[in-house]
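Note sheet for the following structure.
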Amino acid sequence: MLWRFFIFDSERKATDLGSQLGTWMQSPLLVSIEWGRILLRDIFEVTLLAWWMPLSNLWNISLRLREVLFLVLIAGIITWAVIFVLKNISTTEYANSENTSKEMFWVGLIVVMAGFAPVILSNRDADFYGLSRYMLASSVGSVILISAFLSQLKSQKVYVGIACLLIVSSVLMHNLNGLSWKRSSQAMQNFWWQVSWRIPQIRESTTLVVNYSHTAIEEDYFIWGPANFIYYPESKNHQRVEPSLWGLILNRESTISILNHTQPEFVNRRSIITYFGYDNILILTQPSASSCVQVIDGVSPIVSEYEQYDIQIVASESNQNNIVLDETHAPPPDLVFGSEPQHEWCFYYQKAALAFQQGDYEKVLELKQNAEEAGFTPQDPVEWMPFLQASILLSDYDVAIQLSRFIKKSSFLQLQACENLPKTINFDQKMKDFTRETFCIN
């Protein structure tokens with residue numbers, strides 16, 4: 001610890017003791033009181049709330065019948081095992097646990113406080129959402145504290161009952177948490193498989209703006225990490241780690257920078273060199289869990305009615321020319337992305353969107369027919385758009401009128417179609433007039 005804080009020269013402010021204590025030096029009393037308040041709250045959360053808050057947050061997860069039955073079975077086995085073990089504790093052993101409760105209390109409290117001390121001194125605060133990892137070190141002490149309290153109970157039946165509740169709660173929480181992360185991992189793999197179907201290759205030095213439906217993006221490597229695994233698995237610089245594709249998290253500052261076409265910003269994150277290329281982005285978005293991954297075309301941007309607002313704001317800045325159509329990439333590695341998903345609606349949609357960008361409009365309508373014959377239709381109406389555009393470009397207005405009905409069910413999509421469809425490349429005047437008559441006149 002002495003070497004880490006006083007000798008090592010850290011680039012991270014969170015581990016720079018001088019930087020963190022600067023706030024305390026400015027107002028020692030006020031900051032000390034605040035640190036004490038945070039410590040008391042964190043002790044309360046990790047000792048008591050941690051047994052049920054995470055479980056309550058996970059309780060709404062949708063479960064299959066077999067998963068429910070498995071949880072019930074696990075809970076039953078754990079309950080039986082706890083009752084069997086604790087009921088067979090002798091009176092002498094139970095009395096001995098009461099005698100050691102004071103030592104257990106102080107040991108547990110010291111461990112909890114020691115676990116939180118570095119966190120609080122770094123001006124961080126543990127919670128049950130984005131910073132729950134800061135509770136991990138203190139969780140060992142919280143178990144010792146709870147054991148000390150339970151040992152003070154006079155009734156062995158109450159002792160056994162509470163112990164059962166706590167242990168079952170813990171087991172269920174970890175099982176549901178594992179299931180939640182498993183599904184999140186599968187959703188991430190599915191996202192990038194769809195991208196691989198849609199995009200043959202991405203131009204080097206492209207900045208990807210991504211919206212995942214299943215998780216928040218906390219760091220830019222949530223984006224450029226999987227993208228480079230598929231398209232550029234090797235560093236473009238042999239002397240240092242420098243990915244060929246970059247990622248950008250959308251927030252207020254980055255949105256303004258994109259709209260202003262700010263010059264690229266150099267980023268050195270733990271010796272990994274990337275850039276925030278505000279002036280050259282490609283947007284990949286999955287607006288909802290039932291949507292497919294959609295590549296936004298900034299020339300005529302039409303976004304889903306489920307799309308988040310910041311994506312809508314910068315949609316016109318997405319440059320589809322960053323997609324290289326005459327090259328191809330190796331299949332996504334199974335070790336990272338799992339085996340290729342079954343070819344359902346999103347596969348046909350991605351291939352149709354690619355064919356449309358390549359100018360193969362007959363293939364787009366052929367893929368539509370193949371999808372319908374296989375019994376697949378979109379859950380997000382905006383995914384009819386490449387088929388609608390292709391039918392107009394082929395002057396197949398009967399199909400276009402049929403597809404326009406799906407778009408016009410959403411006033412949000414109809415308005416965008418009215419404003420942006422006429423901007424579609426290769427639309428002649430007759431096609432533009434048809435579009436305006438179909439979507440702009442009620």
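Read the figures in this text as sums done on the coordinates, not as results from a lab. Everything quoted here is computed from the prediction, not taken from an experiment. Every residue, glycine among them, receives a Cβ derived from its backbone with ideal geometry; neighbour counts consider all protein chains shown.
Estimated at 0.36 nm per residue, the fully extended path between residue 289 and residue 256 surpasses their Cα-Cα distance by 9.1 nm.
If you take every residue apart from residue 262 with its C-beta less than 11 Å away from the C-beta of residue 262, what net charge results, scoring Lys and Arg +1 and Asp and Glu -1?
Numbers: positive: none; negative: 253, 265, 279.
Here the count lands on -3.
Counting only residues at least eight positions apart within a chain, or on another chain, the aspartates and glutamates with an alpha carbon under 12 Å from that of residue 236 are 204.
Fewest first, what order do 111, 293 take by the number of other Cβ atoms within 10 Å? Intermediate values should be presented prior to the final figure.
Values: 111 19, 293 26.
Placing the least packed residue first, the sequence is 111, 293.
Given the C-alpha centroids of the stretch 229-289 and the stretch 386-409, what is the distance between them in whole angstrom? Centre-to-centre distance over Cα atoms comes out at 36 Å.
Work out, in µm²/s and without decimals, the Stokes-Einstein translational diffusion coefficient of the stretch 341-442 at 25 °C, 0.890 mPa s, Rh from Kirkwood over C-alpha pairs. Intermediate values should be presented prior to the final figure.
Details: Rh = 13.7 Å.
Translational diffusion coefficient: 179 µm²/s.
Measuring nothing but how far apart in sequence close Cα pairs (under 8 Å, 6+ apart) lie, relative to its length, the chain scores a relative contact order of 12 percent.
Can you compute the FRET efficiency between residue 409 and residue 342 using 1/(1 + (r/R0)^6), with r the Cβ-Cβ distance and R0 = 35 Å? Round to the nearest 0.05. Let's see the in-between values first.
Working: r = 28 Å, r/R0 = 0.79.
It comes out at approximately 0.80.
By the rule of a C-alpha distance below 30 Å, with chain neighbours fewer than 8 residues away ignored, the lysines paired with residue 423 are 351, 363, 368, 408, 409, 432. FRET efficiency for the residue 372 to residue 66 pair, using the beta carbon distance and R₀ = 30 Å, is estimated at 0.40.
Comparing Cα centroids, the stretch 299-373 and the stretch 152-218 end up 26 angstrom apart.
Based on the alpha-carbon gyration tensor of the stretch 199-339, what equivalent-ellipsoid semi-axes (square roots of 5 times the eigenvalues) come out, in whole Å, largest first?
Details: eigenvalues 100, 71, 44 Å².
Each semi-axis is √(5λ); the values are 22, 19, 15 Å.
Only helices enter this figure: runs of n ≥ 4 DSSP H residues, each worth -39500 (n - 2.57), summed and divided by the residues of the chain, yield -18000 deg cm²/dmol at 222 nm to the nearest 500.
May I ask you to derive the relative contact order of the stretch 341-442, considering only C-alpha pairs under 8 Å and at least 6 residues apart, and to give it as an integer percent?
Answer for the stretch 341-442 is 21 percent.
Here each label is just a point 7 Å from Cα along the line to Cβ, and for residue 222 and residue 394 those points are 3.9 nm apart. Applying 1/(1 + (r/R0)^6) with R0 = 60 Å to the Cβ-Cβ distance of residue 433 and residue 87 gives a FRET efficiency near 0.10. Of all DSSP beta bridges located in the stretch 199-339, what percent are antiparallel, nearest 5? If I count the DSSP bridges inside the stretch 199-339, around 45 percent turn out antiparallel.
Expressed to the nearest 5 percent, the antiparallel share of DSSP beta bridges inside the chain is 45 percent. Using C-alpha pairs under 8 Å with a sequence gap of at least 6, the mean separation divided by the residue count of the stretch 220-311 gives a relative contact order of 20 percent.
Which order results if 360, 334, 380, 297 are arranged by neighbouring Cβ count within 10 Å, fewest first? Before the final figure, lay out each step's value.
On the way: 360 14, 334 10, 380 22, 297 25.
By the 10 Å Cβ count, ascending, the order reads 334, 360, 380, 297.
Toward the positive end of the charge dipole of the chain, with +1 on the Cβ of Lys and Arg and -1 on the Cβ of Asp and Glu, the farthest Cα among 421, 30, 379 is that of 30.
Within the chain, all pairs of alpha-carbon atoms sorted by distance into 20 Å bins from zero give the percentages 19, 41, 29, 10, 1.
Ranked for footprinting exposure by Cβ neighbours inside 10 Å, fewest first, 275, 129, 361, 349 give 129, 275, 361, 349.
Which of the lysines could a cross-linker span from residue 157 if the Cα-Cα distance has to be under 27 Å and same-chain partners fewer than 8 positions apart are dropped? Output for residue 157: 87, 102. Here the spin labels are modelled as points 7 Å beyond Cα on the Cα-Cβ line, and at residue 149 and residue 170 they lie 1.4 nm apart. Within 12 Å, Cβ to Cβ, of residue 163, how many net charges do the neighbouring residues add up to if Lys/Arg are +1 and Asp/Glu are -1? My count for the surroundings of residue 163 gives +2. The coefficient of translational diffusion for the stretch 247-301, derived via Stokes-Einstein from the alpha carbon Kirkwood radius under 25 °C and 0.890 mPa s, stands at 190 µm²/s.
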